[in-house]
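Worksheet for the structure shown next.
The values are calculated or read from the model by the stated rules, or taken from the named source; none is laboratory data. This is a predicted model, so every value here is computed, not measured. Because the Cβ atoms are built from the backbone with ideal geometry, glycine has one as well, and the counts that use them run over all protein chains shown. Remember, those area values only see protein heavy atoms, side chains included, never the ligands or the DNA or RNA. Shrake-Rupley method; radii C 1.70, N 1.55, O 1.52, S 1.80 Å.
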Amino acid sequence: MSDYHEPVDELSQEARNFSRALKSMKEEIEAVDWYHQRVVTSNDKDLAAIMAHNRDEEIEHACMTLEWLRRNMPGWDEELRNWLFKEGDLMGAHGHDHDDDDHGGGDADSLGIGKIGK
């Protein structure tokens, strides 16, 4: 069974690589969660340390994949530069209005579809 949502023969090699990277990043993040749950529930100090090491390696893998996406897939570089390593309220930062997101709402002059309606 394919993980593609569109016919694979209609996808470019570039699109397939994006899918590979995104799928890999999801798997790495899921592994971080699994290992972290095991770390915090283990009653064996040595085993917890090994699993913490494994968790941290999965974080490294996820970050490496994220960097590949930043360098190669449109949109990632701009959004990561906009959101990462910033201080303050995440929702109020970077000109993001709490009431006007990409899911509708907004002011009377908006079409209700976020940035497009401005």
inquiry  = I need the calculated FRET efficiency for the pair M64 and S42, taking r as the beta carbon distance and R₀ as 41 Å, to the nearest 0.05.
reply    = 0.95
ask   = E57 accessible area, nearest 10 Å², 1.4 Å probe?
value = 70 Å²
